[in-house]
Amino acid sequence: MDKYVIGNLKMNLLTQAERDHYLKSFIDEVYKAGKFKSRLIICPPSFHLEKFIDFFRGKKVSVGAQNIYFEQRGSFTGEISALMIKSFGAEWVIVGHSERRRLFGETDEVCNLKLRAALEEKIKPILCVGENLDQRKNDLTFEVVSRQIESALKEVVSTQIDKLIIAYEPIWSVGSDEIPSSDEVMQVKILIRKKISELYSPVLAEKVPILYGGSVKPKNVKQLCLEAGMDGVLVGRESLVPGEFLKIVQSIDKN
Ligand code: 13P
């Protein structure tokens, strides 16, 4: 299976100068380093989507949105739809990121509606799941992740399942520099595969890339991705620095 390195730029690159500097550094650092085997996806703020899509066209980097609304068009002030990002050339969208669940009240039901809205427009969802610290302390990780997957995939049919990426992002690890052991990550990966296998089939379960996200850095990518047997990583802060992002890509490519 291909390996994926996804950058979630979150609400950064606030000015035109910052954005242009980022894109220039990406060319200087990442492209000058030569070819890469991993599949790269960058998810900028929606305000920059069009610019990023134009910039990365033909450069072997796909572009995704960080969020969409589940309706296609209409009176939904402040929202963007799957059809809208698709018509500008985005291929991916992050669904159910913990920051959206926690800060914007996104429920499992809403995540399911967004995931289905994306698939409907042939936009590939990157579904984020993961437990918070309390749930981890109370040994509820498997239960929480299982429930999130089952709810998110409700009414998703088997022909759509290989369009999906699932990212295990323990909430306590996002932005904190706290990280799980490779064994802990691997256990959750096994659980996710088992869950998809039960819901669909073992063959389909093998087709879904399962990534790790949360405080990924060049120095811990071996532990969090390679030793844990993950199919790639979803990177927050380090994706803002193309040179560091490149080191993560190179570590994954080497193995
Ligand atoms: P950090 O890599 O900054 O911890 O963020 C992870 C994340 O939320 C990626 O979606």
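The values are calculated or read from the model by the stated rules, or taken from the named source; none is laboratory data. Keep in mind it's a predicted model, so treat the numbers as computed, not measured. In this analysis, Cβ positions are derived from the backbone assuming ideal geometry, glycine residues included, and neighbour counts consider all displayed protein chains. Calculation scope for accessible area: heavy atoms of the full protein, side chains included, ligands and nucleic acids excluded. Shrake-Rupley method; radii C 1.70, N 1.55, O 1.52, S 1.80 Å.
Kirkwood hydrodynamic radius of the range 137-210, from the reciprocal of the average inverse Cα-Cα distance over all distinct pairs: 13.1 Å. So what is the diffusion coefficient of the range 1-129 in µm² per second by Stokes-Einstein at 20 °C and 1.002 mPa s, using a Kirkwood Rh over Cα pairs? Rounded, D is 140 µm²/s.
Under 8 Å for C-alpha pairs, at least 6 residues apart: give me the relative contact order for the chain, rounded to a whole percent.
Numbers: 460 pairs, mean separation 54.4, N = 255.
Worked out over the chain, it gives 21 percent.
Exactly which chymotrypsin sites (Phe, Trp or Tyr not before Pro) in the range 86-168 are in a DSSP loop and have at most 15 other Cβ atoms within 10 Å? Each step should come with its number before you reach the end.
Working: sites: Phe88, Trp92, Phe104, Phe142, Tyr168; in loops: Phe104.
Within the range 86-168, the qualifying chymotrypsin sites (Phe, Trp or Tyr not before Pro) (loop, at most 15 other Cβ atoms within 10 Å) are Phe104.
Note: relative contact order over the range 153-224, using C-alpha pairs below 8 Å and six or more positions apart, is 47 percent.
Summary of packing: across the peptides 123-129, 217-223, 73-79, 15-21, the per-residue average of other C-beta atoms within 10 Å ranks them, highest first, as 123-129, 217-223, 15-21, 73-79.
In terms of the Cα gyration tensor, with a ≥ b ≥ c the square roots of its eigenvalues, is the range 1-40 rounded because a/c is under 1.5, prolate because a/b exceeds b/c, or oblate?
Judged from the Cα gyration tensor, the range 1-40 comes out oblate (a/c at least 1.5, b/c at or above a/b).
Counting Cα-Cα pairs of the range 60-197 in 5 Å increments starting at 0 gives whole-percent bin shares of 2, 10, 20, 22, 19, 14, 8, 4, 1, 0. Remark: the chain carries 48 Å² of accessible area per residue (probe radius 1.4 Å; ligands, DNA and RNA excluded). Only alpha carbons enter this Debye calculation for the chain, each as an equal point scatterer, and the log10 of I(q)/I(0) it gives at q = 0.13 Å⁻¹ is -0.78. In whole Å, how far is the Cα centre of the range 124-141 from that of the range 221-255? After rounding, the separation between the Cα centres reads 20 Å.
If you wrap the tightest convex hull around every Cα atom of the range 42-118 and split its volume per residue, you get 90 Å³. Taking all protein chains as present, what is the carbon and sulfur share of the accessible area of the range 212-255, in % to the nearest whole number, probe 1.4 Å? The C+S portion of the solvent-accessible surface of the range 212-255 is 51 percent.
Mean sequence separation of contacting Cα pairs (under 8 Å, at least six apart), scaled by the length of the range 1-58, corresponds to a relative contact order of 55 percent. In the chain, helices alone account for a calculated mean residue ellipticity at 222 nm of -11000 deg cm²/dmol, with every DSSP H run of four or more residues adding -39,500 (n - 2.57).
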